[in-house]
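Written out below as structure tokens is the structure these notes cover.
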Amino acid sequence: MKMNAPILLCWAVVIMLAVFSLLLLAGKGSCLIAGYNTSSKEKKQRYDEKRLCRVVGSGMGVLAIMLGIATFYRFEMPTNLSWIIPWGILGTIVIVEILASTICKKKSSTTNQ
């Protein structure tokens, strides 16, 4: 079975996403999160960094699995699975964004002492 260059490139992206996902799930690698790594120290203090890393890492892992499935089928998936790629990617991104904006924020104290 001969593998062509685009499929090898897709597998390389799957592996890269999986490695980044594992790094983020370990609570490290916040520098990989776009927007968070360039925000000010005050804005960074509003978020629970470990939780944010885990949420983004989980989403990246789901994306790696979906891309891996599509690459395995060489993007010619059976009709009952063909909806996974466009809707799955969009849904994952939306869910990660919502979770990052809600559960990853630290609770602010209302009492000033």
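The one condition from (1) more than 30 Å from residue 107 (Cα to Cα); (2) at pLDDT 90 or above; (3) aliphatic (A, V, I, L, M) that residue 26 does not meet is (1).
Please state which one of 64, 34, 100 is surrounded by 14 or more Cβ atoms within 10 Å (Cβ to Cβ), among the aliphatic types (A, V, I, L, M) and more than 22 Å from residue 9 (Cα to Cα).
Working: 64 fails: more than 22 Å from residue 9 (Cα to Cα); 34 fails: surrounded by 14 or more Cβ atoms within 10 Å (Cβ to Cβ).
Exactly one residue qualifies, and that residue is 100.
In the range 90-103, the residues that are without any contact (Cβ under 8 Å) to a residue 40 or more places away in the chain reach residues that are among the β-branched types (Val, Ile, Thr) and open to solvent by less than 80 Å² (accessible area, probe 1.4 Å) with C-beta atoms within less than 7 angstrom, at least six apart or across chains, in these pairs: 92/62.
Residue 47 falls short on exactly one of the conditions (1) open to solvent by less than 30 Å² (accessible area, probe 1.4 Å); (2) of a type outside the set (Asp, Glu); (3) in contact with a Cys (Cβ under 7 Å, 6 or more places away or on another chain), and that condition is (1).
The values are calculated or read from the model by the stated rules, or taken from the named source; none is laboratory data. Since the model is a prediction, treat every value here as computed from it, not as a measurement. FYI the Cβ positions are ideal-geometry reconstructions off the backbone, even for glycines, and counts take in every protein chain you see. Accessible surface is based on the protein model in full, side chains and every heavy atom, while ligands, DNA and RNA are left aside. Shrake-Rupley method; radii C 1.70, N 1.55, O 1.52, S 1.80 Å.
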